[in-house]
Amino acid sequence: MPNLVGVKQTTRDVVEFGDLVETVPELAHFTGEHALTPFATCGAVGVYSWFANVNARDDAGRWARARRSGAESVALSDAVWNIIS
């Protein structure tokens, strides 16, 4: 599909996700909150989240600032902490 730019992966299987990233690395791979941390280490570029809609403006700003400063891992850590705390 020429217009396909990314996929939303709902599996909990890290190996399956890693295989998908290796098979089609040209696509952006997204995961849910349930697998954010392990899938980020396997190539996930983002997360689809019901929680982000609670305060979308703040979350979008946090991610934009983190990307500009090269601190995506800090923003990811903060996002996970905000979800579980």
query = Within region 6-44, can you find the residues that are modelled with pLDDT of 85 or more and of a type in the set (V, I, T)?
reply = V7, V14, V15, V21, T23, V24, T31, T41
inquiry  = Among (1) of a type outside the set (D, E); (2) modelled with pLDDT under 75; (3) under 11 Å from the mean Cα position of the chain (by Cα), there is one condition V47 misses while meeting the rest; what is its number?
reply    = (2)
task = Take region 3-33 and flag every residue that is in a helix (DSSP H, G or I) and either among the polar types (S, T, N, Q) or closer than 19 Å to S49 by Cα (or both).
result = V14, F17, T23, E33
task = Filter region 1-54 for residues that are of a type in the set (D, E) and over 22 Å from A66 (Cβ atoms) and give the result.
result = D13, E16, D19, E22, E26
ask   = Quick one: how many residues across region 34-72 are closer than 15 Å to R12 by Cα, part of a loop (DSSP other than H, G, I, E, B) and aliphatic (A, V, I, L, M)?
value = 1
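The values are calculated or read from the model by the stated rules, or taken from the named source; none is laboratory data. Keep in mind that what you see is a predicted model, and the values were worked out from it rather than measured. FYI the Cβ positions are ideal-geometry reconstructions off the backbone, even for glycines, and counts take in every protein chain you see.
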